[in-house]
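The values are calculated or read from the model by the stated rules, or taken from the named source; none is laboratory data. All figures in this text were calculated on a predicted structure; none of them were measured in a lab. Cβ placement follows ideal geometry from the backbone for every residue including glycine, while neighbour counts extend to all protein chains displayed. Heads up: the accessible areas ignore ligands, DNA and RNA and are worked out on the full protein's heavy atoms, side chains in. Shrake-Rupley method; radii C 1.70, N 1.55, O 1.52, S 1.80 Å.
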Amino acid sequence: EYPESLNDCFLQIDFEGDQAKLFIENEWVGDWFYTGETWEIGLKRFGFPSRLTIEISALCDSDPVFLEKRPVFKNGIACGIKEIKTSTEIHIPLIITE
């Protein structure tokens, strides 16, 4: 159970590779192609799952893809999660008195 004030929880995934896919209960529910930016997922729309799976597809240095920000390639391949963070959004009612 979540506090009444919780509005959303965001998962921020910093990865390197071609594509990241999000699975909840083995169902593919979202994806993000590598841009060098962090992928942010609002978990509220998925009912705040307690378990999920992230799958990263490899990007090869020789792939004919234009990227403004190239990932770090190891042995010609970029594939991995650099960092995962979470943040929450809460609503706090304000009472203004004069």
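Looking across region 1-15, just one residue is open to solvent by less than 30 Å² (accessible area, probe 1.4 Å) and in contact with a Cys (Cβ under 9 Å, 6 or more places away or on another chain), and that is Phe15. Taking residues in region 74-98 that are without any contact (Cβ under 8 Å) to a residue 12 or more places away in the chain and over 26 Å from Tyr34 (Cβ atoms), and partners anywhere that are surrounded by 11 or more Cβ atoms within 10 Å (Cβ to Cβ) and not aliphatic (A, V, I, L, M), the pairs with Cβ atoms closer than 9 Å and at least 6 places apart or on different chains are Pro93/Ser5. Look at Ser5 and say whether it is free of Cβ contacts under 8 Å to residues at least 40 places away in the same chain and out of contact with any Asp or Glu (no Cβ under 9 Å at 6 or more places or on another chain). No. Residue-level analysis places Asp63 outside the set of residues that are out of contact with any Pro (no Cβ under 6 Å at 6 or more places or on another chain), open to solvent by 40 Å² or more (accessible area, probe 1.4 Å) and closer than 19 Å to Ile81 by Cβ. Selection over region 32-55 of residues that are surrounded by 12 or more Cβ atoms within 10 Å (Cβ to Cβ), of a type in the set (D, E, K, R) and under 15 Å from Thr86 (Cα atoms) gives a count of 2. Within region 20-32, being in contact (Cβ under 8 Å) with a residue 12 or more places away in the chain and within 11 Å of the chain's Cα centre (by Cα) holds for Ala20, Lys21, Leu22, Asp31, Trp32. Just so you know, in region 77-98 the residues that are under 28 Å from Val29 (Cβ atoms) and in a loop (DSSP other than H, G, I, E, B) include one that is nearest to the chain's Cα centre (by Cα), and it is Cys79. For region 16-30, the candidate set comprises residues that are over 15 Å from Cys79 (Cα atoms) and among the acidic types (Asp, Glu); within that set, the residue that is most open to solvent (accessible area, probe 1.4 Å) is Glu25.
Could we say that Thr86 is under 13 Å from Asp14 (Cα atoms) and open to solvent by 90 Å² or more (accessible area, probe 1.4 Å) here? Here the answer is yes, as Thr86 does meet what is asked.
As a summary of the residue check, Ser50 satisfies the conditions (1) in contact with a Phe, Trp or Tyr (Cβ under 8 Å, 6 or more places away or on another chain); (2) modelled with pLDDT under 95; (3) of a type in the set (Ser, Thr, Tyr) except for the one numbered (1). Candidates are the residues of region 66-76 that are of a type outside the set (Val, Ile, Thr) and open to solvent by less than 100 Å² (accessible area, probe 1.4 Å); the one that is farthest from the chain's Cα centre (by Cα) is Gly76.
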